[in-house]
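Student: I'd like to ask you about the structure that follows.
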Amino acid sequence: MNNLIASEFGHLYKNTATQKLLQNPLLDKDIWDIEVDLGLEVAQHKTLRNFSFKCLSQTWLKLLAKFYILSKAHTYSSGTLAKYLDSLKLFSKFLKKFNIKSYKQIDNQVFNEFDYYLHSSPKSEVTIGGYYSDLSSFFDSCRVEGWLDINTYWFKGKRIRTSQPKNDEINYIPQEVWNQLQENLHLLPEQIQRMVMIIRATGLRIGELLNLPLDCLRNRNNQWRLRFKTEKYKIEDELPLNSIELVAIIQEQRNYIIKLFGNSYKNLFCSSRRRKTHDFTEFGTPIPKVMYLGTFNKWLNKLSEKANICSKNGELWHFKSHQFRKTVATVMTNAGVRDLIIQKYLRHRSPDMQNYYKHLLKQVLGSEYQKLIQEKKYVDITGEVVHSHKPKNPITEMLRRRMYQITTQYGECHRPTLKKPCPTVNACWKCSQWRVCSDDLPYLKEDLERVENELKTAKDFGMSRQQQGLEDDRNALNNYIKGLELIG
């Protein structure tokens, strides 16, 4: 690799930031320990522990891939970095198959051949779009950092990721499958039963469920709450639990863990060491370790096979943990209610809750009713109040909100539904059609604090391109916050 740097990448020594990368001893290794070598946190429920560069056949691509991972290690999570590396491995495999040895051979014709190569596989358009996005970001960074100059104009318009379900695709748990799961739940080991009952009642992400602490229950002013660490933002949060049955289930699981391990294990759920047996209901020997991400799905799909859980079309149902969360989201969308209200009622589940959402309006009472119909003033990207809205009644307000088909984490998307697909997917801050009101102020401030921290990291590591993008984000957030604070 030193010969390659000397012969073709001698210009790298002229760049101060790159000189530091060249001195990194990790360049001599092809397998990096994510935690030890990079100092990144790896969730206990994930199996990924190493980054391997062995599959990168081209020496130049391997070197630049290592540069890229090192430069992004303090910006992206280990999962995101792994996704980028997987895309580079696929591109390397393509280059090797078509005998493209030098980076100097890469042009639009090569990208066209790569496009044909991908579309000849069973990969979806969304997956292919993800590869394009990753490769474009990689080559853009190479150009900005002065490592390699490859034109990425070919990727323009191809890197946008829009996950649109197919007409026959169901990404939530339909009613008939939900009923069959309920009827056959008793066939699963008791811990798995409890996990299913908690995730379906709360809509937690699977990582949040698997990592629930042993002391996750809190009783504040006679109100039970579930305490957990959010998987996405890594912050402590609490959800109200008004179902005493759900509280009893959690307490039962807590007692089960304490009986097994005493106070030495600090999580609510554990893993197991299973013997080779045809009895899928047997949990095996419990071990004080967080269950892996895919294990929960395996239990559910074994149940699906054993109990012949099928869709209305007679096809065997394949469970994925995120379907529970998607089911919660589907209920929310069908009800047409804003997240803050749905979240409050979403946790009040019981065995006969299937028909609850048909009568949701009857349940929006008291302060939540008043919150739904109160007047709101909306601010756009410039920080100016663009309009105010005073609902006449909760029914017309829900219908109005259902007009905005794109769901955002907070704020409201005011793009007309007849417009073309969103051009700023996952970049709402920069969109002139995004609106926020005073309810969103705490979330805007949280995001501003996060962006400030990321901007400091970018400055410390000399990442000029990332710094510019983060500065734009900071300016947009400041505009929103100042506009909302002016209107009180």
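Student: Within region 286-319, can you find the residues that are assigned to a loop (DSSP other than H, G, I, E, B) and buried (at least 16 other Cβ atoms within 10 Å of the Cβ)? Break it down into steps so the answer makes sense when it comes.
Tutor: Taking region 286-319 first, the residues assigned to a loop (DSSP other than H, G, I, E, B) are 288-292, 308-309, 311-315, 317-319.
V290, M291, I309, W317, F319, listed by residue number.
Student: Could you list, in sequence order, the residues of region 44-60 that are over 15 Å from K83 (Cβ atoms), under 19 Å from the mean Cα position of the chain (by Cα) and crowded, with 17+ Cβ neighbours inside 10 Å?
Tutor: H45
Student: Next up: Which pairs have Cβ atoms under 9 Å, sit 6 or more apart or on different chains, and link a residue in region 91-115 that is in the same structural domain as R143 (by TED's automatic domain parsing) and of a type in the set (S, T, Y) to one that is crowded, with 17+ Cβ neighbours inside 10 Å and not in a helix (DSSP H, G or I)?
Tutor: Final answer for the pair search is S92/L56; S92/Q58; S102/Q58; Y103/Q58; Y103/L148; Y103/I150.
Student: Sticking with this one: Which members of region 88-106 meet the condition of being under 26 Å from E231 (Cβ atoms) and surrounded by 19 or more Cβ atoms within 10 Å (Cβ to Cβ)? Even if it seems obvious, please write down each step before you answer.
Tutor: The first filter runs over region 88-106 and keeps only residues under 26 Å from E231 (Cβ atoms), leaving 88-89.
Passing the criteria: only L88.
Quick grid of which residues meet (1) touching a strand residue (DSSP E or B) at 6+ places or on another chain (Cβ under 9 Å); (2) at pLDDT 75 or above; (3) more than 30 Å from A73 (Cβ to Cβ); (4) surrounded by 14 or more Cβ atoms within 10 Å (Cβ to Cβ):
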site	(1), (2), (3), (4)
I373	no, no, yes, yes
I381	yes, yes, yes, yes
M398	no, no, yes, yes
Q405	yes, no, yes, no
C413	yes, no, yes, yes
P421	no, no, yes, no
Q433	yes, yes, yes, yes
V451	no, yes, no, yes
D460	no, yes, no, no
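Student: Here's another thing I want to ask about it. Criterion first (among the basic types (K, R), at pLDDT 90 or above and surrounded by fewer than 18 Cβ atoms within 10 Å (Cβ to Cβ)) does R220 satisfy it? Lay out the reasoning, then the answer.
Tutor: Details: among the basic types (K, R): yes; at pLDDT 90 or above: no; surrounded by fewer than 18 Cβ atoms within 10 Å (Cβ to Cβ): yes.
No, not satisfied.
Student: Looking only at region 144-155, which residues are closer than 19 Å to F9 by Cβ and exposed (fewer than 15 other Cβ atoms within 10 Å of the Cβ)?
Tutor: Start the filter on region 144-155 by keeping residues that are closer than 19 Å to F9 by Cβ, which leaves 144-151.
Once the filter is applied, which keeps residues that are closer than 19 Å to F9 by Cβ and exposed (fewer than 15 other Cβ atoms within 10 Å of the Cβ), region 144-155 yields V144, G146, D149, N151.
Student: Only residues that are acidic (D, E) and assigned to a helix (DSSP H, G or I): list them for region 24-41, please. Full working, then the answer.
Tutor: Going residue by residue through region 24-41, those that are acidic (D, E) are 28, 30, 33, 35, 37, 41.
Of everything in region 24-41, just one residue is acidic (D, E) and assigned to a helix (DSSP H, G or I), namely D28.
Student: Take region 42-54 and flag every residue that is free of Cβ contacts under 8 Å to residues at least 60 places away in the same chain and assigned to a loop (DSSP other than H, G, I, E, B). If you could, list the steps in order and put the result at the bottom.
Tutor: Within region 42-54, the subset free of Cβ contacts under 8 Å to residues at least 60 places away in the same chain is 42, 48-54.
Passing the criteria: V42, L48, R49, F53, K54.
Student: Separate question: Determine the pairs where a residue that is assigned by TED's automatic domain parsing to the domain that holds Q466 and without any contact (Cβ under 8 Å) to a residue 40 or more places away in the chain, located within region 437-453, has a partner that is in a helix (DSSP H, G or I) and β-branched (V, I, T) with Cβ atoms under 8 Å apart, the partner being 6 or more residues away or on another chain.
Tutor: Cβ pairs passing all conditions: K445/I481; L448/I481.
Student: For region 228-262: of the residues being β-branched (V, I, T) and crowded, with 16+ Cβ neighbours inside 10 Å, which is farthest from Q191 (Cα to Cα)?
Tutor: Looking only at region 228-262, we keep the residues that are β-branched (V, I, T), and these are 230, 235, 244, 247, 249-250, 257-258.
Of the ones still in play, those that are also crowded, with 16+ Cβ neighbours inside 10 Å are 247, 249-250, 257.
Details: V247: 15, I249: 10, I250: 10, I257: 10 Å.
The selected residue is V247.
Student: What helices (runs of 4 or more DSSP H) completely inside region 103-196 contain at least 2 residues that are within 17 Å of W317 (Cα to Cα), modelled with pLDDT of 90 or more and of a type outside the set (F, W, Y)? Can you show your working first?
Tutor: Details: elements: 108-119, 125-145, 175-184.
In region 103-196, the matching helices (runs of 4 or more DSSP H) lie at 175-184.
Student: Considering region 67-76 alone, what residues qualify as being in contact (Cβ under 8 Å) with a residue 12 or more places away in the chain and out of contact with any Cys (no Cβ under 9 Å at 6 or more places or on another chain)?
Tutor: Selection gives I69, L70, S71, K72, A73, H74, T75.
Student: Closer than 19 Å to L22 by Cβ, of a type in the set (K, R), within 24 Å of the chain's Cα centre (by Cα) and assigned by TED's automatic domain parsing to the domain that holds S137: which single residue out of K72, K66 fits that description? Outline the logic, then answer.
Tutor: On the way: K66 fails: within 24 Å of the chain's Cα centre (by Cα).
K72 is the lone residue from the list that is closer than 19 Å to L22 by Cβ, of a type in the set (K, R), within 24 Å of the chain's Cα centre (by Cα) and assigned by TED's automatic domain parsing to the domain that holds S137.
Student: Which condition number in (1) free of Cβ contacts under 8 Å to residues at least 40 places away in the same chain; (2) in a helix (DSSP H, G or I); (3) aliphatic (A, V, I, L, M); (4) within 30 Å of K234 (Cβ to Cβ) is the one that L64 fails?
Tutor: (1)
Student: When the residues of region 462-485 are filtered to those that are at pLDDT 85 or above and among the small types (G, A, S), which remaining residue is surrounded by the fewest Cβ atoms within 10 Å (Cβ to Cβ)?
Tutor: Checked region 462-485; the qualifying residue surrounded by the fewest Cβ atoms within 10 Å (Cβ to Cβ) is G483.
Student: When you look at I206, is it in contact (Cβ under 8 Å) with a residue 24 or more places away in the chain and assigned by TED's automatic domain parsing to the domain that holds G294, yes or no? Walk me through it before giving the result.
Tutor: Numbers: in contact (Cβ under 8 Å) with a residue 24 or more places away in the chain: yes; assigned by TED's automatic domain parsing to the domain that holds G294: yes.
Yes; evaluated as a whole, the condition is true for this residue.
Student: Considering only residues of region 177-207 that are surrounded by fewer than 21 Cβ atoms within 10 Å (Cβ to Cβ) and touching a Ser or Thr at 6+ places or on another chain (Cβ under 7 Å), which is farthest from K298 (Cα to Cα)?
Tutor: V177
The values are calculated or read from the model by the stated rules, or taken from the named source; none is laboratory data. Just so we're clear, the structure is a prediction, and the values are computed from it rather than from any experiment. Virtual Cβ from ideal backbone geometry, glycine too; neighbours counted across all protein chains shown.
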